[in-house]
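In what follows, a structure is listed as structure tokens, so that the remarks can point back to it.
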Amino acid sequence: MQSGDIEPNPGPATSYNGSITILHSNIRSLRNKLNFIKETFLDFNILAFTESHLDASVTTENILLEQFDTPYRKDRTNHGGGVIIYVSNDLLHTRKPELEIYCDESIWIEIKMRKETFLLGTFYSPRTSDATFF
């Protein structure tokens, strides 16, 4: 530290140069579009999808994406709703369930990059949430 060549909070080793890319899409059934996602969206660091149409019958192992950590998901039914977020395995991230109490179909995550920390929220059907939150 005294020599000045050590970063006190380096964060993960990434090639992001202080920026990341985020994609959000109303995917309308993730399980039917996994190949499309793999062919089209893997250049992004964070993928957030609404209307995932997932339920307990779809295991997380069946929807994993290479170069991404285990996704955060909140399912409803295979006929509608649901949210899911994939985060690159190069980023430090944690789920913030204490922020999800205002909207049943929401996921909040905290991302840490070097000296920056930010929150990312993904919502579906926010009209079911507490109006004062918005």
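The values are calculated or read from the model by the stated rules, or taken from the named source; none is laboratory data. Quantities reported herein were computed from a predicted structural model and do not represent experimental measurements. Counting neighbours? That spans all protein chains shown, and the Cβs are built from the backbone with ideal geometry, glycine included. For the accessible areas, the whole protein counts, side chains as well, though only heavy atoms, and no ligand, DNA or RNA atoms are used. Shrake-Rupley method; radii C 1.70, N 1.55, O 1.52, S 1.80 Å.
What's the FRET efficiency of K112 with T21 using the Cβ-Cβ distance as r and R₀ = 25 Å, to the nearest 0.05?
0.90
Ranked by the mean number of other Cβ atoms within 10 Å of their residues, highest first, the peptides 30-37, 67-74 come out as 67-74, 30-37.
Set the Förster distance to 30 Å, then compute FRET efficiency between L42 and H79 from the Cβ-Cβ distance, nearest 0.05.
Details: r = 28 Å, r/R0 = 0.92.
Computed FRET efficiency for L42 and H79: 0.60.
Shown for the range 43-131: the carbon plus sulfur share of the solvent-accessible area, taken with all protein chains present and a 1.4 angstrom probe, equals 48%.
The modelled label-to-label distance between E61 and R31, using points 7 Å beyond Cα along the C-beta direction, is 1.6 nm.
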